[in-house]
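Please treat every number below as a calculation from the coordinates, not as lab data. These figures come from a predicted structure and were not determined experimentally. Positions of Cβ are generated from backbone atoms using ideal geometry, with glycine treated the same way; all protein chains shown enter the neighbour counts.
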Amino acid sequence: MKVPFLDLKTAHAEIQEQLDAAVLRVSRSGYYIFGPELESFETAFAAYTGAGRALGVANGLDALVLGLRAMGLAPGDEVIVPANTYIATWLAVSQVGAVPVPVEPVEATHNMDPEAVASAITDRTRAVLPVHLYGQPADMDPINALADRYELKVLEDAAQAHGARYRGRRIGSTGTAAWSFYPGKNLGALGDGGALTTCDNALADRVALLRNYGSSEKYVHDTQGVNSRLDPMQAAALFVKLDVLDSWNDRRRAIAARYTEAFAAAGLSVPHVPNWAEPVWHLYVIRHPGRDAFRTRLEEAGVGTLIHYPIPPHLQRAYAGAYPEGAFPLSERLAREVISLPMSPAQTQEQTEYVIDRVLALA
Ligand SMILES: *Cc1c(COP(=O)(O)O)cnc(C)c1O
């Protein structure tokens, strides 16, 4: 048996006719930038997340960058970020000229530690950028409380958390969040895509300007914006996929529940879910002290895995010189030990049982 890490082709086959119709509709519409398909998706996504506004942009990184720019982040400002995240979180901060200030996570959840955030605040700190890593919500209440106390902006990196809930509320419903629609995300396009959602109308208006050359009226430019618009073809496909997001997230939950039940019974460590969290299992991540050899054994048994992420941003050449090895020991240990197991809305029960059987035999 073979179990791919993520089987998008099989998942898409269920909705292939609607996806094809969406792409064809745009192809024949005569509208290729902005237009009704983008507006429909933005309205639907704003309603889904519970944010007042949604602005489609070209990708998740741009959603982060434009969110930070619209918040007024400027060169020299410090932004607190997780030490263990995808590098996009850091790159967004660097792109606005600000300085990413990394903090170690809570070991049990791999998510941002509010106490570490409190210790990292200086008089140059302007914002906090928590990530809802692996589709598990970060502990937002204490982070927001610190932000209130020290007058910091909060931008949530929700690239992995479409549909997740924190204390019963959807991610996106209470603040400002950046989303990626990279194809492999829980809500993924047929190419690149992203969005910024916010409950702050003035901020939404600024992002609307920034993503379109700083222009609200053709050939009139109020600010030095960029070209970062969500393609209507992607918006049309995303509209179709938004309709199945909850049911596909339910399938991910069922797979995660079965993994957790089987692994916990065998004494393996399983992802910790706090009682206030309703994750959407973008990734199901376990730890193994001999991760690389374990991964090879799984690969040989036909079980596809990935590592999220093998090198933390502070040890990437892109950030050479910023921090020495050992500066963030927990994040560095996680980078050596984490392994993401197959997780796909198209995964069959037989495939899930096979993964469990092989993990238990080969761990
Ligand atoms: C995917 C991802 C991004 C970037 O999204 P792109 O659409 O690839 O630019 C940012 N942050 C996190 C945590 C991600 O997983």
Within region 18-74, DSSP-loop trypsin sites (Lys or Arg not before Pro) with at most 16 other C-beta atoms within 10 Å are 28
Once the in-chain neighbours fewer than 8 apart are removed, the lysines whose Cα is under 16 Å from residue 185 read 9, 241
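Find me the longest stretch of the chain that has none of the exposed chymotrypsin sites (Phe, Trp or Tyr not before Pro), where exposed means in a DSSP loop (not H, G, I, E or B) with at most 16 other Cβ atoms within 10 Å. It would help to have the intermediate numbers written out before the result.
Details: sites that count: 5, 31, 32, 34, 219, 276.
For chymotrypsin sites (Phe, Trp or Tyr not before Pro) (loop position, at most 16 other Cβ atoms within 10 Å), the longest site-free span of the chain is 35-218.
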In a Gaussian network model of the chain with springs linking alpha carbons closer than 10 Å, the residue among 120, 46, 159 that fluctuates most is 120
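As a test of the definition: which semi-axes, in Å, follow for region 203-331 when you take the square root of five times each eigenvalue of its alpha carbon gyration tensor? Largest first, please.
On the way: eigenvalues 304, 126, 45 Å².
Ellipsoid semi-axes (Å, largest first): 39, 25, 15.
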At the level of C-alpha centres, the distance separating region 1-54 and region 111-131, in angstrom, is 35 Å
Of all trypsin sites (Lys or Arg not before Pro) in region 180-265, the ones in DSSP coil with at most 11 other Cβ atoms within 10 Å are 218
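Restricting attention to region 107-149, which trypsin sites (Lys or Arg not before Pro) occupy a DSSP loop and are surrounded by at most 16 other Cβ atoms within 10 Å?
Working: sites: 124, 126, 149; in loops: 124.
In loop regions of region 107-149 (DSSP not H, G, I, E or B), the sparsely surrounded trypsin sites (Lys or Arg not before Pro) are 124.
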In nm, the gap between the two label points placed 7 Å beyond Cα toward Cβ at residue 24 and residue 258 is 3.4 nm
Sequence order, region 288-303: Karplus ³J(HN,Hα) from phi using 6.51 cos²θ - 1.76 cosθ + 1.60, θ = phi - 60°, Hz rounded, Gly and Pro as x, gives 8, x, x, 3, 5, 5, 4, 5, 4, 4, 5, 4, 5, 8, x, 9
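Once R0 is set to 30 Å, what does the formula 1/(1 + (r/R0)^6) return for the Cβ-Cβ distance between residue 44 and residue 362, expressed as a FRET efficiency to the nearest 0.05? Present the calculation step by step, with values, prior to reporting the outcome.
On the way: r = 43 Å, r/R0 = 1.43.
Once the sixth-power term is evaluated, E becomes 0.10.
Expected output is a single nm value to one decimal: the length gained when fully extending between residue 205 and residue 167, i.e. 0.36 nm times separation in residues minus the C-alpha distance. What is it? Present the calculation step by step, with values, prior to reporting the outcome.
Details: separation 38, 0.36 × 38 = 13.68 nm, distance 2.86 nm.
Here the segment from residue 205 to residue 167 would lengthen by 10.8 nm.
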In whole Å, largest first, the alpha carbons of region 8-242 cover along the principal axes 55, 44, 27
From the Cα centre of region 256-271 to that of region 171-217, the distance in Å is 35 Å
Here the longest stretch of the chain that holds no GluC sites (Glu not before Pro) in a DSSP loop having at most 10 other beta carbon atoms within 10 Å is 152-324
